[in-house]
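Take a look at the structure set out below.
What follows is calculated from the coordinates using simple rules that are stated; it is not laboratory data. If you're wondering where the values come from, they're calculated on a predicted model, not measured in any experiment. We place every Cβ from the backbone using ideal geometry, glycine too, and count neighbours over all the protein chains shown.
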Amino acid sequence: MSREPILVARNVTKQYGGFVALGGVDLTLQPGERRALIGPNGAGKSTFIAVLGGQQAVGPGSTVHFAGRDISGALPQEIARLGIARTFQINRVFRRLSVLDNVRTALLPSNGRVFSVSERHLTALTSPAMTMVTGLGLGRVAHDAAETLSLGDRKRLEFGMVLATRPKVLLLDEPTAGMGLNERRSLMELMVEHAARDQITLLFVEHDIDIVFRFADRITVMSRGKIFAEGTPAEIGANSAVQDIYLGTEGAPS
Ligand SMILES: Nc1ncnc2c1ncn2[C@@H]1O[C@H](COP(=O)(O)OP(=O)(O)OP(=O)(O)O)[C@@H](O)[C@H]1O
Ligand SMILES: [Mg+2]
C-alpha cells in the first residue's frame, strides 16, 4: 500500500543575485520518516530549509506541496499554522519564567495570548505541563528560570515548546550544534522518541555523520545547490561519490 507523501518539493530554485544557491531540488518526505539532509558547507541545506519554512521565496517553476496542498509562496506564519515547524523561529521562551511556566504557556490553545488567560485555565495546565517537562528530561529544573538553563536543557525546552504547537513536519537546521558528543546524542534521542510518539516527520540538517547514520531513516545528500544522492544509511555509506564530496574539495565553497 503506497502512502501519500506529507511533503513534496519539486524543482526548487533559489538565486541570490546571479548566484544559484538551489538549482532545482526535488524532495519527497513520507509521513513519520526521519530524513537527514547533509552536504558540505555552502551546499544549500539551510537555504532549502528556509524555502520549506517560507522564510525564503522560491524561484519561478518551483512548487512545494504539504499534505496535498500547494504552499509555494505561502507566508511563514501560514506554513507554521498548517503544521510545518522550525525550531529556530520559536523564540517564545520567556527567559524569566520557569521551565514549567514556559511549557504551560506553550500548551495554551491560543498561544501568545498568555496575558489574557485566566489563572484557573493556567492552573489546569500544570499537570499536563509537568508531564511534558518530565518527558523532556527537565524535571530537575522545572522550577528554574529558563535563562539559567544549560545549552542542552534550553534546546530541550525549545524543542518541547515547538512540540506543544503540534506540528506535522519539523525542520531542524543543525539542532545539536555547539553541544558535546554525549549531549548531542541524548538530545537527538529525545527528539526522535517524541517525534515517533507524535507521528511527526523530521527533516534535519546535521554535520555529525555519526548522528546522521544513527538516527536517519533516509539520507539526502546535497552539493552545490543540487541533490547529489539519496538513500538509506547503508546505501549512502557505500556510495563512494558521496565520500568524495566530503573528503575532496568538490562541494566546498570557493
Ligand atoms: N542571503 C544570502 N545572500 C547571498 N548568498 C547567500 C545568502 N544565503 C546563503 N547564501 C549562499 O548560498 C549558498 C548556500 O548557503 P546555505 O547557507 O544554504 O548552505 P548550507 O548548506 O546550509 O551550508 P552550512 O553547512 O555551512 O550551513 C552559500 O554559498 C551561501 O554563501
Ligand atoms: Mg546551513
- Note on the structure: GNM on the chain, Cα springs under 10 Å; top mean-square fluctuation among Ile84, Ile200, Ile209 goes to Ile209
- Among the helices of the chain (complete DSSP H runs), which have Cα atoms covering no less than 20 Å along the helix axis and a Kyte-Doolittle mean of at least -1.0? 181-197
- Compactness of the chain - radius of gyration and Dmax, Cα, Å: 19.0, 61
- Packing-based exposure ordering (other Cβ within 10 Å, fewest first) of Phe228, Phe204: Phe228, Phe204
- Query: What order do you get for Leu29, Leu202 when you list them from fewest to most C-beta neighbours inside 10 Å?
  - Reply: Leu29, Leu202
- Note on the structure: DSSP beta bridges in the chain: the antiparallel percent, rounded to 5, is 55 percent
- Dipole in debye (nearest 20) - the range 91-164, about Cα centre, beta carbon charges: Lys, Arg +1; Asp, Glu -1: 100 debye
- P(r) of the range 91-164 over all Cα-Cα pairs, binned every 10 Å from zero, in whole percent: 22, 59, 18, 0
- Query: In which sequence would His207, His194 go, from the one with the fewest C-beta neighbours within 10 Å to the one with the most?
  - Reply: His207, His194
- Would you work out which of Val93, Gly42, Ala229 lies farthest towards the positive end of the dipole of the chain? Charges go on Cβ: Lys and Arg +1, Asp and Glu -1. Val93
- Query: Summing -39500 (n - 2.57) over the DSSP H runs of n ≥ 4 in the chain and dividing by its residue number, what mean residue ellipticity at 222 nm do you reach, to the nearest 500 deg cm²/dmol?
  - Reply: -10000 deg cm²/dmol
- Message: Can you give me the long-range amide H partners of Leu136? Hydrogens built in the peptide plane at 1.01 Å from N, cutoff under 5 Å, separation of 5 or more residues or another chain.
- Response: none
